[in-house]
Amino acid sequence: MGAAACAPEGASDGTSGSGTGPGVAPGASAGGGGDAADRIWVKDPARFVQHGTNLETRLEDLDGFLTPNDLFFVRNHAPTPVIDPATYVLSVGGSGASGEVQLTLDDLRALPSQTLIAYIECAGNWRGFFQSVTGRTAAGSQWGTGAIGCAEWTGPSLADVLAVAGVRDDALEVNVIGLDDGAWERPMPLAKALDPATILALTMNGEPLPPDHGFPVRAVVPGWVGSSSVKWVGRVEVATEKVWVRANTSSYVLVGEEWPADRYAPADGAPITVGSVKSALALPQPARLGAGTHRLRGFAYSPRGPVAAVEWSANDGPWAEARLIGVSADHPYAWSRFEFEWDAATGENVLRTRATDASGDTQPLEGVYNEKGYLLNVALPHPVEVV
């Protein structure tokens with residue numbers, strides 16, 4: 001969960017339970033200032049917007065295609081655990097597995113390696129804008145646009161890891177469980193677990209996973225919301241029946257009149273998996289610029305494949321096409337950059353951008369409210385004061 005796998009919303013002050021296991025120092029954490037026992041993160045939080053145990057990236061700080069590790073957002077529901085790689089063990093088994101196995105880091109490194117460029121976004125990204133676009137405030141961390149990052153992830157496919165234990169013919173789901181305090185877990189259908197793009201990452205942008213991003217092992221489940229990309233993985237469990245956990249019953253479900261609980265029981269609403277098509281400007285929110293022509297840039301992304309187009313509009317004027325940078329069918333789960341020139345006149349202005357993906361899915365002009373504030377993807381009004 002976290003910095004790329006989102007932990008349960010509303011649990012930013014920690015959760016009960018134990019995340020201890022092989023190689024984990026009980027209750028240990030590091031970074032973030034203060035005494036070691038009180039620290040939340042290993043990375044320096046100064047360059048981020050802080051939301052409890054979470055760190056939001058400022059998109060205006062990003063220039064390139066890949067998000068640097070030290071600028072990648074963090075979504076934690078407890079302090080980052082300290083895990084000893086020398087004693088770390090991943091257990092794989094369950095009712096849907098042929099047997100139980102334990103794998104060391106060396107065992108995982110010996111498996112065939114996959115490299116994937118993919119963005120990870122918290123399902124609650126943009127939650128802070130529900131009030132301005134729907135007139136209602138959603139519960140949870142009031143994220144801006146920066147609970148997202150795009151990185152190069154390398155490690156064995158989850159399918160290859162499961163093959164070591166063996167998968168029974170009656171297997172239905174795979175549950176990935178973390179070693180953090182509270183042991184965050186997220187099940188997925190067997191087909192998603194066996195997708196070659198679903199991996200257990202050991203490196204991030206060519207370096208060993210940073211502690212805040214799941215060291216030594218994290219799941220990367222491209223296209224799905226960040227809570228699915230469990231960090232600090234300690235257990236992979238294959239099940240022969242549907243698995244219900246916090247992440248698909250009380251957290252990460254759409255709650256509201258459109259999603260009656262009796263339709264989705266035992267969940268409180270509609271469990272969410274796939275993210276939504278979005279675009280955002282790499283500007284402070286709100287922004288302040290000088291008068292004149294500016295080259296503005298931003299990021300666009302979709303869980304369903306490459307972005308096909310990005311448009312922009314100023315002050316509810318006509319839509320114009322932005323230039324896409326770095327779109328590649330070789331990286332269907334990566335984000336794209338875009339840019340356009342804007343002749344800024346003095347005064348209060350509102351810019352909007354909207355992305356359309358290769359399947360034709362486009363950002364809507366109006367947002368739909370849900371109580372927990374997930375998946376907002378309206379063509380977001382971005383105030384810009386020009387002086």
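The values are calculated or read from the model by the stated rules, or taken from the named source; none is laboratory data. No experiment lies behind these values; they were computed from the predicted model shown. Cβ coordinates were reconstructed from backbone atoms using ideal geometry, including for glycine residues, and neighbour counts include every protein chain displayed.
Would you confirm, using the coordinates I've provided, whether residue 150 is under 16 Å from residue 73 (Cα atoms) and either surrounded by fewer than 22 Cβ atoms within 10 Å (Cβ to Cβ) or in contact with a helix residue (DSSP H, G or I) (Cβ under 7 Å, 6 or more places away or on another chain) (or both)? Step through it out loud before you land on a result.
On the way: under 16 Å from residue 73 (Cα atoms): yes; either surrounded by fewer than 22 Cβ atoms within 10 Å (Cβ to Cβ) or in contact with a helix residue (DSSP H, G or I) (Cβ under 7 Å, 6 or more places away or on another chain) (or both): no.
For residue 150, the condition - under 16 Å from residue 73 (Cα atoms) and either surrounded by fewer than 22 Cβ atoms within 10 Å (Cβ to Cβ) or in contact with a helix residue (DSSP H, G or I) (Cβ under 7 Å, 6 or more places away or on another chain) (or both) - is not met.
Per the conditions (1) more than 18 Å from residue 144 (Cβ to Cβ); (2) surrounded by fewer than 17 Cβ atoms within 10 Å (Cβ to Cβ); (3) among the acidic types (Asp, Glu), the sole criterion not satisfied by residue 361 is (2). Residue-level check: of (1) crowded, with 22+ Cβ neighbours inside 10 Å; (2) in contact with a Ser or Thr (Cβ under 6 Å, 6 or more places away or on another chain); (3) aliphatic (A, V, I, L, M), residue 118 misses just (2). Considering (1) more than 30 Å from residue 65 (Cα to Cα); (2) surrounded by fewer than 24 Cβ atoms within 10 Å (Cβ to Cβ); (3) not aromatic (Phe, Trp, Tyr), the lone condition that residue 234 does not fulfil carries the number (2).
Just one of the numbered conditions (1) in a loop (DSSP other than H, G, I, E, B); (2) touching a residue at least 24 places away in the same chain (Cβ under 8 Å) is not true of residue 268: (2). Give the residues of segment 289-312 that are within 17 Å of residue 145 (Cβ to Cβ) and assigned to a strand (DSSP E or B), sorted by residue number. Within segment 289-312, 296, 297, 298, 299, 300, 301, 307, 310, 312 qualify. Within segment 364-377, the set of residues being within 19 Å of the chain's Cα centre (by Cα) and either surrounded by fewer than 21 Cβ atoms within 10 Å (Cβ to Cβ) or closer than 21 Å to residue 324 by Cβ (or both) comprises just one member, 377.
Listed here are the residues, each with its yes/no results for (1) touching a residue at least 60 places away in the same chain (Cβ under 8 Å); (2) β-branched (Val, Ile, Thr).
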| site | (1), (2) |
| --- | --- |
| 123 | yes, no |
| 129 | yes, no |
| 132 | yes, no |
| 151 | yes, no |
| 166 | yes, no |
| 169 | no, no |
| 177 | yes, yes |
| 181 | yes, no |
| 188 | yes, no |
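Can we say residue 91 is assigned to a loop (DSSP other than H, G, I, E, B), polar (S, T, N, Q) and either touching a residue at least 24 places away in the same chain (Cβ under 8 Å) or within 30 Å of residue 296 (Cβ to Cβ) (or both)?
Working: assigned to a loop (DSSP other than H, G, I, E, B): no; polar (S, T, N, Q): yes; either touching a residue at least 24 places away in the same chain (Cβ under 8 Å) or within 30 Å of residue 296 (Cβ to Cβ) (or both): yes.
It is false that residue 91 is assigned to a loop (DSSP other than H, G, I, E, B), polar (S, T, N, Q) and either touching a residue at least 24 places away in the same chain (Cβ under 8 Å) or within 30 Å of residue 296 (Cβ to Cβ) (or both).
Against the condition in contact with a strand residue (DSSP E or B) (Cβ under 9 Å, 6 or more places away or on another chain) and closer than 18 Å to residue 387 by Cβ, how does residue 296 come out, does it pass?
On the way: in contact with a strand residue (DSSP E or B) (Cβ under 9 Å, 6 or more places away or on another chain): yes; closer than 18 Å to residue 387 by Cβ: yes.
So residue 296 passes the test.
Remark: pairs (first residue in segment 351-377, on the phi > 0 side of the Ramachandran plot; second residue among the hydrophobic types (A, V, I, L, M, F, W, C) and modelled with pLDDT of 95 or more; Cβ separation under 7 Å; 6+ apart in sequence or on different chains) = 373/130; 373/138; 373/139; 375/123; 375/272.
Residue-by-condition table, conditions (1) in a strand (DSSP E or B); (2) at pLDDT 95 or above:
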site: 317; (1), (2): no, yes
site: 324; (1), (2): yes, yes
site: 329; (1), (2): no, no
site: 334; (1), (2): no, yes
site: 337; (1), (2): yes, yes
site: 341; (1), (2): yes, yes
site: 349; (1), (2): yes, yes
site: 352; (1), (2): yes, yes
site: 355; (1), (2): yes, yes
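Scanning segment 123-173 for residues that are under 22 Å from the mean Cα position of the chain (by Cα) and either in the same structural domain as residue 334 (by TED's automatic domain parsing) or part of a strand (DSSP E or B) (or both) yields 148, 149, 150, 151, 152, 153, 154, 155, 157, 173. Filtering 201, 280, 261, 219 for residues that are farther than 30 Å from residue 306 by Cβ and either without any contact (Cβ under 8 Å) to a residue 60 or more places away in the chain or surrounded by 19 or more Cβ atoms within 10 Å (Cβ to Cβ) (or both) leaves a single hit, 261.
In segment 230-246, the residues that are under 21 Å from residue 101 (Cα atoms) reach residues that are at pLDDT below 95 and among the aliphatic types (A, V, I, L, M) with C-beta atoms within less than 7 angstrom, at least six apart or across chains, in these pairs: 230/1; 230/5; 231/1; 231/5. Each residue in segment 279-288 was checked for being under 21 Å from residue 347 (Cα atoms) and either part of a strand (DSSP E or B) or at pLDDT below 95 (or both), and 4 pass.
Among 309, 329, 379, which is of a type in the set (Gly, Ala, Ser) and within 19 Å of residue 59 (Cβ to Cβ)? Write out each step before concluding.
Values: 309 fails: within 19 Å of residue 59 (Cβ to Cβ); 329 fails: within 19 Å of residue 59 (Cβ to Cβ).
Of 309, 329, 379, the one residue that is of a type in the set (Gly, Ala, Ser) and within 19 Å of residue 59 (Cβ to Cβ) is 379.
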